[in-house]
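Here is the structure we will look at, set down as structure tokens.
The values are calculated or read from the model by the stated rules, or taken from the named source; none is laboratory data. Just so we're clear, the structure is a prediction, and the values are computed from it rather than from any experiment. Neighbour counts run over all protein chains shown; Cβ positions are idealised from the backbone, glycine included. We work out accessible area using only protein heavy atoms, side chains counted, and drop any ligands, DNA or RNA first. Shrake-Rupley method; radii C 1.70, N 1.55, O 1.52, S 1.80 Å.
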Amino acid sequence: MEALDLQPVDMECMRCHRTEAMRFYGLCTSCRQELHTIFDRAGRVVEVAEYEPKMNVTPNAIAMKAD
């Protein structure tokens with residue numbers, strides 16, 4: 001199996017269109033850092049009610065059926 005060549009290549013940033021050496025096509029380093037500062041938030045715990053399954057059919061309806 002051949003080894004992949006993952007050396008950075010000059011590519012255009014898909015957000016700001018500046019040319020920068022990147023291994024994969026995407027955002028440049030400055031755009032990535034800017035988006036992290038804007039959208040990075042601390043995790044939080046969200047309280048939700050405990051799941052209770054909905055009962056559409058009575059249990060053992062077939063077993064209780066009269067012959």
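Do the conditions hold for Thr37, that is, is it modelled with pLDDT under 85, of a type in the set (Ser, Thr, Tyr) and out of contact with any strand residue (DSSP E or B) (no Cβ under 8 Å at 6 or more places or on another chain)?
No; evaluated as a whole, the condition is false for this residue.
Please go through region 4-18 and pick out each residue that is over 17 Å from Glu34 (Cβ atoms) and open to solvent by 100 Å² or more (accessible area, probe 1.4 Å).
Matches in region 4-18: Leu4, Asp5, Gln7, Asp10.
Which members of region 24-48 meet the condition of being hydrophobic (A, V, I, L, M, F, W, C) and open to solvent by 100 Å² or more (accessible area, probe 1.4 Å)?
Of everything in region 24-48, those that are hydrophobic (A, V, I, L, M, F, W, C) and open to solvent by 100 Å² or more (accessible area, probe 1.4 Å) turn out to be Phe24, Phe39, Val45, Val48.
Are any of the residues in region 50-63 open to solvent by less than 100 Å² (accessible area, probe 1.4 Å), modelled with pLDDT of 85 or more and small (Gly, Ala, Ser)?
Scanning region 50-63 turns up no residue that is open to solvent by less than 100 Å² (accessible area, probe 1.4 Å), modelled with pLDDT of 85 or more and small (Gly, Ala, Ser).
Criterion first (of a type outside the set (D, E, K, R), at negative phi and loosely packed, with under 11 Cβ neighbours inside 10 Å) does Ala21 satisfy it?
Against the criterion (of a type outside the set (D, E, K, R), at negative phi and loosely packed, with under 11 Cβ neighbours inside 10 Å), Ala21 does not qualify.
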